[in-house]
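Written out below as structure tokens is the structure these notes cover.
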Amino acid sequence: MNNYRILTVISAIFYVAVGISAPLISLYLESLGASYTEISLILTSVVVTMLLMSTVWGRLSDRLGRRKPLLIGGLFGLAVAYLLLSQAGSGAMAWAARILEGASVAAFATLSLALMGDALQGSEQRGRRMGIYRGLGSFAFAIGAVTGGRLADAYSISFSLMLCAAFYLIAGLVALALDDRPVLAAAVAEPAKAQPTRERRELPLVFLAGVFLWMAAHMASTSMWPNYMAANGYSNTTISSLWGLAAFIEMPAMYLAGIISDVIGRAAVLAAGGFLIALVQIGYLTLVQVLPALLGVQVIRGFGFGSYTTTAMTFTAEAGGQQTRGGRSGVFNTIGSAGQLTGTFISGFIVQGFGFSALYMITTVLALSSAFCFLVLRRQGKTNQ
């Protein structure tokens, strides 16, 4: 089995665990006695850790010429973090476990993207294949989200988090089958031969600005979304099912986005992702008490998330050569984490001080700003056709 298939399996297992935990984390922290502001601080510390560690993991992998050991370490670290989180008796204990989670997620996100870029190097259908890889992850996320909410209602949120630890452990064991010898060979090659071209070796600043703004909008919205739904009378099962619906849509959305971006370029599809997520925020603001309409909003969210995510990952994976791909992936994840940090940090304070309506008005503006950045990227001709 080649690295592309192994990474796809690992990603699917990883996102089952993410799907189980994502709709439940803020509710779990609230059950431990944390206020909305404290929830934001805990979530923010996770993202700060990711921001600090993403570039470190990427550059370290380039220097070592090895990605596999660091990737495996990240997955095993996640297993330990979620085992500790499931047994937390206070917000402080949960906080410590989530910091370990942040460092481990940074390792997985950075190194899996770099390894996938290595596996797809030379392919003329990078967008399509990245769409399949990431789309299957979203399908697995959907299964986890729907299952996690039901398990939380039937047993407890703690039980669901213990299940996450088991999935991360399994993913780490599967990662033992990866082969990163081609990366090692590239690292020891002569620099002049290893980098025959300077074309788009750096990620454009306007692309990174769009990544920052999109992630800020997305995280500000989603970090408080379960609490917003709960405040409007929705159960854990309904909240997880709505989240799962969007994730189910992401799979075909990512596949289609990959095909389209291979044809018309990456920036146009990135811009579409920004506009669609802005529309989602308006839907949350105006249709929260109309469940049938929320189903439609979640479908749009699936297409918006899919359009942005798979295309941004492909754009990043195409930057630089094998020798420097870890570092580029680290920069991408660092900027994305900075956006997550901003969105997560402001969300709780906005809700605490001004309410949920103010939050979703601000996320609308952020999403539209990201779309503008990607339109500028298209005008600059920085897409990889």
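The values are calculated or read from the model by the stated rules, or taken from the named source; none is laboratory data. In this text the structure is predicted, and so the values were computed from the model without any measurement. With ideal geometry, Cβ positions are generated from the backbone for all residues, glycine too; neighbour counts draw on all protein chains shown. In case anyone asks, the SASA skips ligands and DNA or RNA and just uses the protein heavy atoms, side chains included. Shrake-Rupley method; radii C 1.70, N 1.55, O 1.52, S 1.80 Å.
Tabulated data for the structure shown
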| read-out | value |
| --- | --- |
| Residue 327 being farther than 13 Å from residue 218 by Cβ, free of Cβ contacts under 8 Å to residues at least 40 places away in the same chain, in a helix (DSSP H, G or I) and not aliphatic (A, V, I, L, M) | no |
| Flag for residue 16 being modelled with pLDDT of 90 or more, surrounded by fewer than 24 Cβ atoms within 10 Å (Cβ to Cβ) and either not charged (D, E, K, R) or not in a helix (DSSP H, G or I) (or both) | no |
| Among residues of segment 278-319, those that are open to solvent by less than 20 Å² (accessible area, probe 1.4 Å) and either on the phi > 0 side of the Ramachandran plot or in a helix (DSSP H, G or I) (or both), counted | 22 |
